[in-house]
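The block underneath contains the structure these notes are about, expressed in structure tokens.
The values are calculated or read from the model by the stated rules, or taken from the named source; none is laboratory data. Note that this is a predicted model, so its numbers are computed, not measured. Here Cβ is always computed from backbone atoms with ideal geometry, including for glycine, and neighbour counts include all displayed protein chains.
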Amino acid sequence: MLLAQDAPALGVFVPGNVAPFFALLVFCALVYIMIQRARAGQRIPEIRKIPGLEAIDEAIGRATEMGRPVHYTPGLGEATNVQTLASFAMLGHVAKRCAQYDTRLLQTNVEAFVMAINQEVIRQAYLEAGRPDAFNPDDITYHSPEQFAYAASVLGMYERERPAANIMFGAFWAESLLFAEGGAYLGAIQIGATANTHQIPFFVAACDYTLIGEEMYAASAYLSKEPVLTGTVVGQDLARIGVFALIILGTVLAHVGETNWLTGILTK
Amino acid sequence: MRKEFPMLLTVVAALAVILSQFFFHIYNLGWLDVLDKWSNLMWAIAIGLGVINLTLIHGKKIMRRAPGYYNSIVLLLVLYGYGILGLITTTEGFHHKWIFDNIFAPMDATLYGIIAFFITTAAYRAFKVRTWEATVMLLAAMIILLGSAPIGEAIWGYWGDVRSWILNIPNTAGMRGIILGIYLGGFATALRVMLGLERAYLGGVGGR
Amino acid sequence: MQRLQALGRRPIYALVFVVGIVAFLFPLGLPVKIGSDVRTVYNALDALPAGSLVWVGAEYDVSSKPELDPQVVAIFHHLFQKGLKPVVYGMWLRGPTIVQDIVAPIAEQYGKQYGVDWINLGHKPGTTTNLRLMTSNIMEGAGGVDHFGKPLADYSIMRGVNALDKASGFRHIIVVETGSPGSREYLGIVSAEKGIPMSVATLTMSIPENKPYVESGQFTGQIGGLRGAAEYEILVGKPGRGASGTDAQSLAALLVFFLVVIGNIGYLTSPRK
């Protein structure tokens, strides 16, 4: 709770949160406008080619040719983690392709809640692909809530099942390199995607393709090609241009020693 | 209703948090505190549910003598044995702590330590002068690597300064760009979930 | 020559193992230069008046003990030397247990009494939501008890301490982190909201991603990995495992450098490059 002596900013706002509120409003407005444009069938920019996402079908195709399974992990994030939310959409795509190609999908989990959702996502994907009979709940496995026990268990699974494609898409920590190096020894095609900046270098070093940060958030729009989802990504990019302009403005003002008013507005 | 109700809950909870974050009088209603307590309660319930679920799944496996059922026996023994020991002696109790310090801790640290081996082979395999971008990455990595340990400065007195420059200037600039992009992308994803545009978490897939 | 780029993983693992062992058996004792990130943390804590409360977020697990424990040791030496009062709390389940084991003997060394000069609130479920609760009501956030399950009201250090804010006397936050939840959560929920300066004690691999926050002043500074621990040990005059660990780090870095060089010689001499 706020202290009694605190007074609302501009009569209604929590002190210090005025600028973030308007930034949020502008962001939502940009996304909304782009969604409406997309719904009205007006032209909106396309998302650039993302090699890591293009490679997913290739990786599953290769696993199919080799008759070996595909492994998918969403990392250690909880169901409320935005990266995990983005992962559900990717898992749906991967599961659908696996169902279409009749390739076994091994999906490992560290979080019980996430596993329950993943089961539903995969079941639905097999249903949409017209292959509900091929859905095998035993291939969706819970390993351990402990980070390294999970990592050890997955490495053991690598040795037994020898997946030919290894897709790591979500929130990863120190286990990222264990998974990626383990996959590299198997000769699997590896695609790593995370917004955890401290793990991106490990994926870059050990994977064939890496989705850096925000690229993973664009995945659902990119893969589905749905204009409405693409609209949200375009809105996000427009917001980025706004932030960029603000950085330039701040840099210029800092050089002429006039940043006080800008800082005053942004911290109000 | 199976999908609409969870979506409605998502939107209501998100709005409560967002409005409390920005509006003084709504903040003072104490919704955040209430949600925080609910969240804590759900954590506790989830742990209880997890224990029941594990017992049911592995109990059935043992009864059916399914392949690898002996692993299930070990799991249940450890789950209940260590749990009950903790309840009796508390986590600071001698036996509970001894098991933790001498079995769990070394095993966990060992697996983390394996990263040192893996990172060496990954660096050996990945850092090649294939393209000029790869060469820049290789050089930066080597400067940071040797500069992070005292050996860099023992070889050349300014090694640490070069490392600091790379970390403070190019790294900070790049990292800020990535972080900004991540937060904007993350927020757009959260917005898609709130608006019901992205429903994969409810078991829908979408896409072609 | 081309074979140099195709060494098997086993000989490389063996080399790493040997180098690690050699470094611990025969320390090099290389001098460690103090970096600005560590010095700013030291200076910030050093400038606090005796009796100030310092919140210590024990946000790590046993896997990170080798890298983070030496930092915790050095930090607590400093806190007790300066007469500051640490309040330990952990969103990570085992963080407070680990820190308790480290701090108890150090506190004894300085004659500091538990519950009077320092306290461990322990781990409480709810991660970030509970941390937010701490900023409005520590009693509720901690469930009214400390790490040992004893009532907080029984400890004199908790008198007048209602929330994790400046009004209760908190002057600095140190987050010993290994991942998430960690410093980002403290920054958004506590430091930025309540205006309490914060520093981070972290793993070597997290140094680059924390740099933007240090440069912007959102973090006072950061102590990174064994090297950071060694620097802090020197500053507080208590050489320990940080200093000895940097020798292993030095030799391992040299090994990786050597392997990368020979790998590239193999690559450049390969006709299929």
> Of all residues in region C:1-40, which are more than 10 Å from chain B (Cβ to nearest Cβ) and hydroxyl-bearing (Ser, Thr, Tyr)?
Replying inline: C:Thr40
> Can B:Ile155 be described as surrounded by fewer than 18 Cβ atoms within 10 Å (Cβ to Cβ), free of Cβ contacts under 8 Å to residues at least 12 places away in the same chain and not assigned by TED's automatic domain parsing to the domain that holds B:Leu8?
Replying inline: yes
>> Residue under question is C:Gly115, and the condition is that it be surrounded by 19 or more Cβ atoms within 10 Å (Cβ to Cβ) and either more than 30 Å from A:Glu78 (Cβ to Cβ) or without any contact (Cβ under 8 Å) to a residue 40 or more places away in the chain (or both); does it hold?
In response: no
> Somewhere in region C:136-150, is a residue closer than 17 Å to C:Gly182 by Cβ and either touching a Leu at 6+ places or on another chain (Cβ under 7 Å) or β-branched (Val, Ile, Thr) (or both)?
Replying inline: no
> Within the group A:Val82, A:Val12, which residue is within 14 Å of chain B (Cβ to nearest Cβ) and exposed (fewer than 15 other Cβ atoms within 10 Å of the Cβ)?
Replying inline: A:Val12
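Among residues belonging to region A:188-198 that are of a type outside the set (A, V, I, L, M) and under 14 Å from the mean Cα position of the chain (by Cα), point out the one that is surrounded by the fewest Cβ atoms within 10 Å (Cβ to Cβ). If you could, list the steps in order and put the result at the bottom.
Filtering region A:188-198 down to residues of a type outside the set (A, V, I, L, M) leaves A:190, A:192, A:194, A:196-198.
Restricting the remaining residues to those that are under 14 Å from the mean Cα position of the chain (by Cα) gives A:192, A:194, A:196-197.
Details: A:Gly192: 31, A:Thr194: 27, A:Asn196: 24, A:Thr197: 19.
Taking the candidates together, the pick is A:Thr197.
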> How many of the residues making up region A:211-253 are of a type in the set (Phe, Trp, Tyr), surrounded by 16 or more Cβ atoms within 10 Å (Cβ to Cβ) and within 9 Å of chain B (Cβ to nearest Cβ)?
Replying inline: 1
> Of these, B:Leu15, B:Leu77, B:Leu9, which one is farther than 27 Å from C:Ala163 by Cβ, modelled with pLDDT of 85 or more and in a helix (DSSP H, G or I)?
Replying inline: B:Leu77
> Going through region B:99-135 one residue at a time, which ones are within 9 Å of chain C (Cβ to nearest Cβ) and among the acidic types (Asp, Glu)?
Replying inline: B:Asp101, B:Asp108
> What strands (runs of 3 or more DSSP E) lie completely within region A:61-142 and have 1 or more residues being touching a residue at least 60 places away in the same chain (Cβ under 8 Å)?
Replying inline: A:70-75
>> Of everything in region C:212-234, what is surrounded by fewer than 24 Cβ atoms within 10 Å (Cβ to Cβ) and farther than 17 Å from C:His78 by Cβ? Give them in sequence order.
In response: C:Pro212, C:Tyr213, C:Val214, C:Glu215, C:Ser216, C:Gly217, C:Gln218
>> Any residue at all in region A:97-114 that's more than 10 Å from chain B (Cβ to nearest Cβ) and modelled with pLDDT under 90?
In response: yes
